[in-house]
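The values are calculated or read from the model by the stated rules, or taken from the named source; none is laboratory data. Being a predicted model, the structure only gives us computed values, none of them experimental. Backbone-built Cβ (ideal geometry, glycine too); neighbour counts: all protein chains shown. When the accessible area is computed, the model is the full protein with side chains, heavy atoms only, and any ligands, DNA or RNA have been set aside. Shrake-Rupley method; radii C 1.70, N 1.55, O 1.52, S 1.80 Å.
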Amino acid sequence: QVQLVESGGGLVQAGGSLRLSCAASGRFSSYAMGWFRQAPGKEREFVAAVSWSGSSTYYADSVKGRFTISRDNAKNTVYLQMNSLNPEDTAVYYCAASSLPTLVAGPRFYDYWGQGTQVAVSS
C-alpha cells in the first residue's frame, strides 16, 4: 500500500516555473512514479514518469524540454520541476505509483493515486 500527497501547485504567469512535490508513505522505492494532469472537460493525460531508481525517465512530447521529473528515495518524494509554463499547462496534477518494471503512460497501469494539486497559468 502506498499513500501519495501532492503539493506545490498554485497560480503562475506564463513563462514562470513551479515545482510540484509528491510525498509518499509505504514501499515507495519499489514503485515507478508518474505525474499526470487533467484539465476541465478533458481526459487525464500522462506527463512524465521515473523509474524506481531514478535512472530512467519518460516524458510526454508536450512537456519534453520544459519539465523534469526526479525522485529522492531517502525522502520518499517525487518531484516535477515545471519551467516555461504556458496556459495550456493549466490542470490538476496527480502523482501515481506503478508496480510495473517499465515506464508506461497509461493511467490504468498505475496502482495508487494522490488527490491532486491545482496548477493555473495565466497569460
Legend entry - Residue satisfying condition, being within 10 Å of the chain's Cα centre (by Cα) and closer than 20 Å to VAL5 by Cα, within set VAL119, VAL78: VAL78
Legend entry - Hits in region 73-107 (condition: among the small types (Gly, Ala, Ser) and assigned to a strand (DSSP E or B)): ALA91, ALA96, ALA97, SER98
Inset, instruction - Among the residues of region 110-123, write down those that are crowded, with 17+ Cβ neighbours inside 10 Å and of a type in the set (A, V, I, L, M, F, W, C). - result: TRP113, VAL119, VAL121
Inset, instruction - Starting from residues that are in a loop (DSSP other than H, G, I, E, B) and polar (S, T, N, Q), keep the ones in region 39-72 and report whichever is surrounded by the fewest Cβ atoms within 10 Å (Cβ to Cβ). - result: SER55
Inset, instruction - Can you work out which of the residues in region 1-25 that are more than 17 Å from SER84 (Cβ to Cβ), part of a strand (DSSP E or B) and touching a residue at least 60 places away in the same chain (Cβ under 8 Å) is most open to solvent (accessible area, probe 1.4 Å)? - result: GLN3
Legend entry - Residues of region 14-24 satisfying the condition of being over 11 Å from VAL119 (Cα atoms) and of a type outside the set (Ser, Thr, Tyr): ALA14, GLY15, GLY16, CYS22, ALA23, ALA24
Inset, instruction - Confirm whether VAL50 is at pLDDT 95 or above and within 22 Å of SER29 (Cβ to Cβ). - result: yes
